[in-house]
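Presented below is the structure to which this report refers.
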Amino acid sequence: MALNQLSDVVQRCQAIKDENFSPEDFDIFLNSGRTCIEQGDSAQVLSILVDEKNKNLVRCMGWNLLGPVVKILLNKEDKNLPHCHAILSCLLEVCSPKELLLGFLEQVEEADSGSITETVTLLLKPLQTVLLRLGMKKASSVGMALSTLLAQLSRLPVPITKEQEEDDIFGLCCCCTALLQFVKPFVEEIKEVVKDNNRNIKDNELRVELLKFCMKCLSEPLLEVQLKDPDTLEKSPLRDFASEILRRRKVPGFLEEEVRYPKESLACMSHLIFVDHIAVDIFPAVFSPVFVLQCNMEYIELLLSKTEESRLQKGLELYEKSLIRVEDNSLPVDLLELKTFFSVPQNLVKVMTLCPDQTLVKNERGMLKTSHHAGVEGYIIKNIKNQIDFSLKLGNGNEWFMGTNLLPLLRLVLCLPHGPETDLLQNMDRIMESLNLLRYLLLRDKEWENETGIWTELYKIEDTFLKPLRTGLNMSKAHYEAELKSTKENKKISSKDSKMSICSVTVGNENLPNMTPEMQLQVLESAIFTFDLIESVLVRIEEIIEAKERPPS
């Protein structure tokens, strides 16, 4: 019945001039043609389409048959496969390229997650043919096609391991390789334009669309990909894809309008150049390591502010590679005025303390060992406390912040760097946060629960932290109180002199800068206040421990 309907509408339309077909003719042709293809009458449909008498009809209506034809072509075992290939070739030759473009992109957009790879690889070649038929007015259409294709590729899972990339189960590698072949003729066209008239290349719309495509590729999928080293995976489609995308910068004007592109894309590009060493041979060698670090800090800040593990990993790697090239003592002090040089270390500390990833937790321990800055260490310890608090709440258990896994971290935190001789003023931030953490653990983690392991570790903490701290505190307070008394007496003597006296004070075998007696008193009183602050928390901890050890009455 469908074949009869199709034959009738075709005969009727042959007599119509100037392609003034009615909406009813369109509907009958579409529905009957689709039904014929779905029912296996593709050979009869093909004979109608190739008939020269039906050329006008096919040019106006034929593209509507793309849906059912593509469906058959995706089913590679269908017996009508040869006929459907022939139908597709006929439509490509006769139909309007603009209508075919819309039809193909509709098929790409409607592909479900399980057929994205097959649909994209099937339609890339005919889609390329259609775009090339558009001639010099194809730029916006190329951009629309590339955007649609990348949107679908972003739905495909990214291979993580070497084996996953080799097996390419979800087809991302295959699609990326095919996509490079798809854009090749358009890239070659731009190269020809460059040869003929280099002055107007920046205004070339096709070039602009290709650069947008490159930047979108850097954002997705390449920002999600951890490329394998050539020694690990000799033939890597994703590495080849990244390399080809970056090689596009040979086209004049690449990145000259940098503000137009997403920062995430630029961050990925920096990672590919400086970490993966892709296209590094075409990167200008005149830039100093300090300048490269300064430029990369904006991208490092962006990556470390994210929560996705792939972005955090890239941020850490880019930070490390940017720093390792900088010589010691070569950073100018005015860099500290830049926001990124302040925010990146803060983001780094958050990553080290809040990310539950095992590798990053180990890096956190390394940071505590190597930071040598009481403020940074205090900030880390405060975040450790917050993470422990979160882990102790019902349903939030994190093995790396509880029990035996937590104890090595607590041993690094709850100690004095130099025993009783530790400079308490210099290490005040670290000491106060350590005491607050210990007091919190003793109050929050009941002895009979001991989820953090603090109660079994307490005797060691007393020997390595609390007792040395008490000794150092008593020594420091006695020393500063004696200096305060001496300074007050000297002030009384010097007050008899009409002129303001200037003198120096020695504290801890170091001379303080020359100050007036009033200034000296302020410094010493401030130090004693700091010791009192430390002692107030220490006393509360000692009271908790004494209460535990006191036998019941």
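Read-outs: derived from the displayed coordinates by stated rules, not from any lab. In this text, all values refer to a predicted model and were calculated from it rather than measured experimentally. All Cβ positions, glycine included, derive from the backbone under ideal geometry; neighbour counts span all protein chains shown.
Taking amide H positions as modeled 1.01 Å from N, with prolines and chain starts lacking one, the residues under 5 Å from GLY453 and 5 or more places away or on another chain are GLY403. On full extension, the segment bounded by ILE16 and LYS467 gains 152.0 nm, given 0.36 nm per residue less the C-alpha separation. Straight-line cross-link reach from LYS76 at under 16 Å between alpha-carbon atoms covers no lysines, not counting any fewer than eight positions away in the same chain.
The alpha-carbon of LYS339 sits under 25 angstrom from the alpha-carbons of these lysines, leaving out residues fewer than 8 places away in its chain: LYS263, LYS306, LYS314, LYS321, LYS350, LYS382.
Set the Förster radius R0 to 51 Å, insert the Cβ-Cβ distance between ILE544 and ASP112 as r into 1/(1 + (r/R0)^6), and round the FRET efficiency to 0.05. Can you show the working numbers first?
Numbers: r = 61 Å, r/R0 = 1.20.
For R0 = 51 Å, the calculated efficiency reads 0.25.
For the chain, the longest principal axis of the alpha carbon atoms and the long axis of helix 403-413 meet at an angle near 60°.
Semi-axes, largest first, in whole Å: what does sqrt of 5 times each Cα gyration tensor eigenvalue give for segment 136-240?
Those come to 30, 15, 11 Å.
Simple rule: put +1 on each Lys or Arg Cβ and -1 on each Asp or Glu Cβ in the chain, find the dipole, and look at PHE401, LEU223, VAL69; the Cα lying farthest toward the positive end is LEU223.
With a Förster radius of 56 Å applied to the C-beta separation of PHE529 and GLU163, the computed FRET efficiency comes to 0.35.
Computed from Cα atoms, the angle from the helix 172-196 axis to the main principal axis of the chain rounds to 80 degrees. Over the C-alpha atoms of segment 1-72, the Rg to Rh ratio, Rh being the Kirkwood estimate, stands at 0.93. Between GLU337 and ASN56, the FRET efficiency from the beta-carbon distance, with R0 = 56 Å, is close to 0.20.
If you look at the Cα atoms of segment 30-172, you get an Rg and a Dmax of 16.4, 57 Å.
Residues in segment 444-459 carry Karplus couplings, in order, of 7, 9, 5, 4, 6, 8, 6, 5, 8, x, 5, 6, 6, 9, 4, 5 Hz; the curve used is 6.51 cos²θ - 1.76 cosθ + 1.60 with θ = phi - 60°, and Gly or Pro positions show x.
Can you compute the label reach from LYS491? Point 7 Å from Cα along the Cβ direction, backbone N cut-off under 17 Å, restricted to segment 526-543. Within reach of a label on LYS491, which here means backbone N under 17 Å from a point 7 Å along Cα→Cβ, segment 526-543 contributes 526-530. Taking a ≥ b ≥ c as the square roots of the eigenvalues of the Cα gyration tensor, segment 56-134 is classed as oblate, since a/c reaches at least 1.5 and a/b does not exceed b/c. Applied to segment 285-294, the Karplus parametrisation 6.51 cos²θ - 1.76 cosθ + 1.60 on θ = phi - 60° returns per-residue 3J(HN,Hα) values of 7, 7, 6, 6, x, 5, 5, 4, 4, 4 Hz, with x for Gly and Pro.
Using the alpha carbons of the chain, what is the convex hull volume per residue in cubic angstrom, as a whole number?
Details: hull volume 144.0 nm³, N = 553.
It comes to 260 Å³ per residue, whole-number rounded.
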